[in-house]
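The block underneath contains the structure these notes are about, expressed in structure tokens.
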Amino acid sequence: MKPDKNLFEAPPWQAIAKLCIPALISIIVMMLYNMADMYFVAWSEDLNQVAAVSLAMPVFTVLMAVSTMIGNGGCTRVAQALGMKDNAKVQQLSAICFWACIGFGTLFAVLVFLFQQPLLNFLGTDAETLEYTRAYVLILAAGAPLILLNHTLGGMLRGEGLVLTGLAANMISTISNIILDPIFIVGFHLGVGGAAAATVLGNALAVLYVFFYRQRHKGTCTIEIRPAYANSLRALGSILALGLPNAISSTLSGLAGTFSNRLLVGYGNDAVAAMGAAGKAVMVVTMIQMGICMGVQPLLSYCYGGKDWKKLKGIVSRVLFLTVTTGVVLTVGIWFARNWVIGLFIMEETAAALGVRQMGFMLLMGPVIGLYYLASNFLQAAGNATAASLSSALRQGILLIPLLYLMESLFQLPGLALAHTAADAASVLLTGIMAVLWYRKVSTESEVSGKAA
């Protein structure tokens with residue numbers, strides 16, 4: 001299985017299209033995957049089960065943070081190694097990523113099972129949602145190694161430029177989950193536990209697909225353990241360092257979700273369900289912009305690894321235009337369809353109206369939130385792990401968590417939605433400044449390199 005280097009070396013718009021279109025399809029599929037559990041659980045017309053999905057979601061988010069740290073870090077390192085024509089390094093990095101998933105996934109499962117009761121208390125469960133949330137969390141934890149492998153192997157494929165193969169694995173996972181959800185949730189009457197089981201089995205099928213594909217198409221990347229031996233800790237550290245920004249963002253997002261849910265419980269489980277539904281709606285705007293930036297990250301990494309400064313800057317300017325245009329169109333579209341979108345997840349009229357109001361506040365930064373993702377991915381692709389980590393910590397932790405408490409104390413329930421808007425606005429500004437400063441550094445290096453040539 002040979003990496004598609006011609007894709008990385010194509011003209012800018014052609015390369016962006018070839019990388020972003022599959023990434024966007026993958027993101028859309030992922031959104032359906034993310035929304036499926038709440039959508040099918042909503043068929044029960046039980047707000048406690050809908051609320052349980054929201055309460056359990058931070059656990060899934062933290063699990064995804066681990067997969068992001070390994071998968072995105074590995075994707076970036078693999079693309080850089082390909083740019084340097086270092087195939088031995090590619091083999092070492094891919095092997096380490098595979099076995100790290102097994103280890104971290106097993107550790108995650110053990111910790112969740114050992115500390116399930118304190119975890120459930122921390123998530124903000126009450127007597128009505130406790131057992132529903134427990135069922136979802138424990139089944140999810142049992143499948144942690146498979147979930148990590150699915151998303152990390154997809155990152156490896158993107159790093160090699162094999163975006164269509166990665167997309168196929170992603171679609172297998174999501175379509176399987178969507179098919180299995182109604183069977184388990186409604187047909188077998190498993191409720192939220194069935195939703196978690198469908199998630200795990202969908203990931204398992206995707207892992208099997210990638211495994212058999214790699215067996216039939218030998219290439220640069222490998223899952224054999226032998227290449228991982230040499231300097232494994234140092235190489236793993238380099239992977240985790242570059243994946244850390246995304247992991248920080250996901251982990252803090254999970255923590256912020258937990259703190260938000262704990263505050264929402266004070267307004268009733270209908271408020272928890274309403275905020276969860278609003279978050280799913282806004283996710284359409286944010287994740288598609290994120291997908292554009294995520295799609296071009298291997299290209300940015302490849303250009304950086306090959307020291308092609310002119311092309312690197314050209315890609316950034318084009319993606320900047322693309323994300324803002326997309327953000328405006330999506331925000332306007334979701335705003336006009338807000339009642340229908342919220343109605344997909346909540347059938348109770350009062351709770352649905354509350355979700356619509358919360359969503360309106362959270363959409364305010366929709367047109368420009370893509371700038372945040374572009375800046376973060378640029379910093380990460382260019383190897384500035386420190387700045388990228390800081391940008392991730394700003395949006396979902398340093399800013400959002402205290403703002404949740406501050407805005408709730410000032411504006412009560414609407415303040416929880418406004419806290420997200422305020423954190424996004426500050427993050428776009430601060431991360432943009434860091435990216436511009438690093439961009440100027442790259443520009444200077446380009447000028448020096450040109451004079452030297």
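Please treat every number below as a calculation from the coordinates, not as lab data. Just so we're clear, the structure is a prediction, and the values are computed from it rather than from any experiment. Reconstructed Cβ throughout: ideal geometry from the backbone, glycine too, with neighbour counts over all protein chains shown.
Quote the relative contact order of segment 5-445 in percent (integer), defining contacts as alpha-carbon pairs under 8 Å separated by 6+ residues. Present the calculation step by step, with values, prior to reporting the outcome.
Details: 713 pairs, mean separation 101.7, N = 441.
Value for segment 5-445: 23 percent.
What does the charge count around Val59 come to, taking other residues whose C-beta lies under 14 Å from its C-beta (Lys +1, Arg +1, Asp -1, Glu -1)? Intermediate values should be presented prior to the final figure.
On the way: positive: Arg134; negative: Asp37.
Around Val59, the surrounding residues sum to 0.
Once the piece of chain linking Phe115 and Lys85 is laid out straight, how much longer is it, given 0.36 nm per residue of separation minus the C-alpha distance between them?
6.2 nm
Of the listed pairs Lys89/Lys313; Lys280/Lys310; Lys85/Lys311, which have alpha-carbon separations greater than 30 Å here?
Values: Lys89/Lys313 26 Å; Lys280/Lys310 38 Å; Lys85/Lys311 18 Å.
Over 30 Å apart, Cα to Cα: Lys280/Lys310.
Beta carbons within 10 angstrom, averaged per residue: use that to sort the peptides 64-70, 115-121, 170-176, 312-318, highest first.
Descending mean neighbour count gives 64-70, 170-176, 312-318, 115-121.
At 7 Å along Cα-to-Cβ for each site, give me the label-to-label distance between Leu344 and Arg262 in nm.
Here the modelled spin labels are 3.1 nm apart.
Which aspartates and glutamates does Lys18 reach when only Cα atoms under 18 Å apart count, and residues fewer than 8 places away in its own chain are ignored?
Leaving aside aspartates and glutamates fewer than 8 places away in the same chain, those within reach of Lys18 are Asp4, Glu9, Glu160.
Can you tell me how much longer the chain between Arg440 and Gln14 gets when fully stretched, taken as 0.36 nm per residue apart minus their C-alpha distance, in nm with one decimal?
Details: separation 426, 0.36 × 426 = 153.36 nm, distance 2.54 nm.
Extending this stretch completely gives an extra 150.8 nm.
What label, among (i) 21.3, 70; (ii) 22.6, 79; (iii) 38.0, 127, belongs to Rg and Dmax of the Cα atoms in Å computed from the structure on display?
The value computed from this structure is option (i).
Efficiency by 1/(1 + (r/R0)^6): what FRET value for Gln215 and Phe321, r their Cβ-Cβ distance, R0 = 35 Å, to the nearest 0.05?
On the way: r = 42 Å, r/R0 = 1.19.
After rounding to 0.05, the efficiency reads 0.25.
Just rank Arg234, Arg395, fewest to most, by other beta-carbon atoms within 10 angstrom. Intermediate results must be reported in sequence, preceding the final value.
Numbers: Arg234 8, Arg395 26.
Fewest to most other Cβ atoms nearby, the residues stand as Arg234, Arg395.
Charges at C-beta only: +1 for Lys and Arg, -1 for Asp and Glu. How large is the resulting dipole of segment 5-445 about its Cα centre, in Debye rounded to 20?
Values: 24 positive and 18 negative charges, 412 e Å.
The calculated dipole for segment 5-445 is roughly 1980 debye.
Would you mind ranking His151, His420, His189 by Cβ crowding within 10 Å, fewest neighbours first?
Details: His151 25, His420 28, His189 10.
Ranking His151, His420, His189 by Cβ neighbours within 10 Å, fewest first, gives His189, His151, His420.
Dipole of segment 5-445 (Lys/Arg Cβ +1, Asp/Glu Cβ -1, origin at the Cα centre): which of Ala15, Leu140, Gly187 lies farthest to the positive side?
About the Cα centre, the residue reaching furthest to the positive side is Ala15.
In deg cm²/dmol, rounded to 500, what helix-only [θ] at 222 nm does the chain give when every DSSP H run of at least 4 residues adds -39500 (n - 2.57) and the total is split over its residues?
Numbers: 18 runs with 374 residues, N = 453.
Value at 222 nm, helices only, nearest 500: -28500 deg cm²/dmol.
Sort Phe411, Phe336 by Cβ crowding within 10 Å, fewest neighbours at the top. Could you put the intermediate results ahead of the total?
Numbers: Phe411 14, Phe336 9.
The order, fewest Cβ neighbours first, is Phe336, Phe411.
Stretch Val186-Ala425 to full length: gain in nm at 0.36 nm per residue minus the Cα-Cα span?
Working: separation 239, 0.36 × 239 = 86.04 nm, distance 4.07 nm.
Length gained between Val186 and Ala425: 82.0 nm.
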